[in-house]
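In what follows, a single structure is set out as structure tokens and then discussed.
The values are calculated or read from the model by the stated rules, or taken from the named source; none is laboratory data. Please read these numbers as outputs of a predicted model, since none were measured by experiment. FYI the Cβ positions are ideal-geometry reconstructions off the backbone, even for glycines, and counts take in every protein chain you see.
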Amino acid sequence: MKKIMDKYSYAILLIILSCVVAFILSLRFNADVEETFLTITVSEGDSLWKISNQYSNQHSYSNDEFVSWVKHHNEIDGDKIYPGEEIVIPVNYEVGTVTEYASAAGE
């Protein structure tokens, strides 16, 4: 066993170091976008598909995945939602990003 460790110590060290770096990077990149939830009130004529399209720029799901997620987490049986009903939907929120627009002086 000692001969193997002496012969391959650099390779083993490199593999362990690579795994640690990959783990740290995965934590860093996954922390930038977190899923949050938004409670909305259903309006007349709304459907889950329509709500998915309306909030499509705020979630990373396909329409089918979005509808399935909403049904599961709001315990909705079937395809009907009713006006006045409050449902929770997933939205992505980027941590630490603020968009600021500069304007020219005097305008």
For a quick check of your reading of the model, give me the residue pairs whose first member lies in segment 69-82 and is at positive phi, whose second is loosely packed, with under 13 Cβ neighbours inside 10 Å, with beta-carbon atoms closer than 7 Å and at least 6 apart or on different chains. none
Count - residues of segment 58-99 that are aliphatic (A, V, I, L, M) and modelled with pLDDT under 90: 3
How about segment 1-57: which of its residues are assigned to a helix (DSSP H, G or I), of a type in the set (F, W, Y) and either at pLDDT 90 or above or touching a Ser or Thr at 6+ places or on another chain (Cβ under 8 Å) (or both)? W49
Long-range neighbours under 7 Å by Cβ, at least six apart or interchain, first residue among the hydroxyl-bearing types (S, T, Y) within segment 57-68, second in a helix (DSSP H, G or I) and at pLDDT 90 or above: Y61/W69
Of the residues in segment 60-78, those that are closer than 16 Å to D46 by Cβ and touching a Phe, Trp or Tyr at 6+ places or on another chain (Cβ under 9 Å) come to N63, F66, V67
